[in-house]
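The values are calculated or read from the model by the stated rules, or taken from the named source; none is laboratory data. These numbers come from a predicted model, not from an experiment. Reconstructed Cβ throughout: ideal geometry from the backbone, glycine too, with neighbour counts over all protein chains shown. Surface areas here come from the heavy atoms of the whole protein model, side chains and all, with no ligands, DNA or RNA. Shrake-Rupley method; radii C 1.70, N 1.55, O 1.52, S 1.80 Å.
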Amino acid sequence: AEAEALSDARWGPGDAVFQYANEGRASTLWYHDHCLGITRLNVYAGLAGFYLMRGGPSDVEGDALPGPAPRLGDPPGARYYEIPVVIQDRSFQADGSLWYPASRARFDGFKGPYIPVSDIPPIWNPEFFGDAMVANGRTWPVLPVEPRRYRFRFLNGCNSRTLILKVVADPLARRPASPALALWQIGSDGGFLEAPVELGQLLVAPAERVDVVVDFTGLPTGTGLYLINEGADDPFQGGRAGVDF
């Protein structure tokens, strides 16, 4: 039936279907468009998502980790304890649409001449830093949690920004802020670590993934916590040597 579906009449001349076996380790992967020359634009526009590999000898069996994770067909109001979170920085226009620089002028002050007068394309900004942070496409999202452990799969989906993530009690506290909860890292891009590592913060480069467990057990009802980023608004800046990296 699958082969028949792939040979459906919707496919035309020049189309091709490639199938790959999921033979890799259980890990937090992601996919995005790789169109030559505009990959950064498509990721920025939202053409990206998680690809979570499960099963096999490298996976953790049973109920050792919090779950379930979101699944297609779940009923409204389903509770999840494994939550994928893609973090991106974006800029918005007054009508809510995405804003992206149309030239290099905002990046390095170069206003031309551009192609075809020169060999410099106007749309290729070496770095881009938005002024609004979003998680799963939302600004300032709120997640009510229960007094138990949660598993978070973090993805840095920013074009250029390196993240330094912390869970804090006061989002306006002087930086560097003191973490309110430990982040137990259990995995990375390549799968599970040999043993969990207790961290106060996460250093996450663009496209990097971090698999963590956070324990909210014992917190009083109504406690407000904030996931913040202390990473700089410039490339290769911020942080403290020997502490943050």
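Table for the structure above
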quantity	calculated
In the range 83-105, residue surrounded by the fewest Cβ atoms within 10 Å (Cβ to Cβ) [restricted to those that are of a type in the set (A, V, I, L, M, F, W, C) and more than 17 Å from the chain's Cα centre (by Cα)]	94
Residue that is farthest from residue 30 (Cα to Cα), among those in the range 159-168 that are out of contact with any helix residue (DSSP H, G or I) (no Cβ under 9 Å at 6 or more places or on another chain) and of a type outside the set (Ser, Thr, Tyr)	168
Any hit, the range 51-60, residues being part of a strand (DSSP E or B), under 23 Å from residue 125 (Cα atoms) and open to solvent by less than 60 Å² (accessible area, probe 1.4 Å)	no
Residues of the range 106-133 satisfying the condition of being exposed (fewer than 11 other Cβ atoms within 10 Å of the Cβ) and either aliphatic (A, V, I, L, M) or in contact with a strand residue (DSSP E or B) (Cβ under 7 Å, 6 or more places away or on another chain) (or both)	117, 131
Hits in the range 157-179 (condition: over 13 Å from residue 212 (Cβ atoms) and either among the polar types (S, T, N, Q) or open to solvent by 50 Å² or more (accessible area, probe 1.4 Å) (or both))	159, 160, 162, 169, 170, 172, 174, 175, 176, 178
Options 91, 97, 103, 27: the member that is within 30 Å of residue 148 (Cα to Cα) and not β-branched (Val, Ile, Thr)	27
Given (1) part of a loop (DSSP other than H, G, I, E, B); (2) more than 19 Å from the chain's Cα centre (by Cα), index of the condition residue 127 fails	(2)
Matching residues in the range 87-139 - criterion: being touching a Gly at 6+ places or on another chain (Cβ under 6 Å) and not charged (D, E, K, R)	88, 91
Leading residue by the ranking (nearest to the chain's Cα centre (by Cα)) among those in the range 169-191 that are of a type outside the set (Gly, Ala, Ser) and more than 28 Å from residue 27 (Cβ to Cβ)	171
Subset of the range 25-34 that is at pLDDT 90 or above and over 15 Å from the mean Cα position of the chain (by Cα) - its residue that is surrounded by the most Cβ atoms within 10 Å (Cβ to Cβ)	26
Cβ-Cβ under 6 Å pairs, at least 6 apart or on other chains, the range 134-150 side at negative phi, far side of a type in the set (A, V, I, L, M, F, W, C) and exposed (fewer than 14 other Cβ atoms within 10 Å of the Cβ)	139/132
Candidate set: the range 190-245, residues that are open to solvent by less than 80 Å² (accessible area, probe 1.4 Å), without any contact (Cβ under 8 Å) to a residue 12 or more places away in the chain and assigned to a strand (DSSP E or B); chosen: the one farthest from residue 153 (Cα to Cα)	195
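Each row is one residue, and each column tells you yes or no for (1) open to solvent by less than 50 Å² (accessible area, probe 1.4 Å); (2) at pLDDT below 95.
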position	(1), (2)
36	no, yes
44	yes, yes
70	no, yes
77	no, yes
81	yes, no
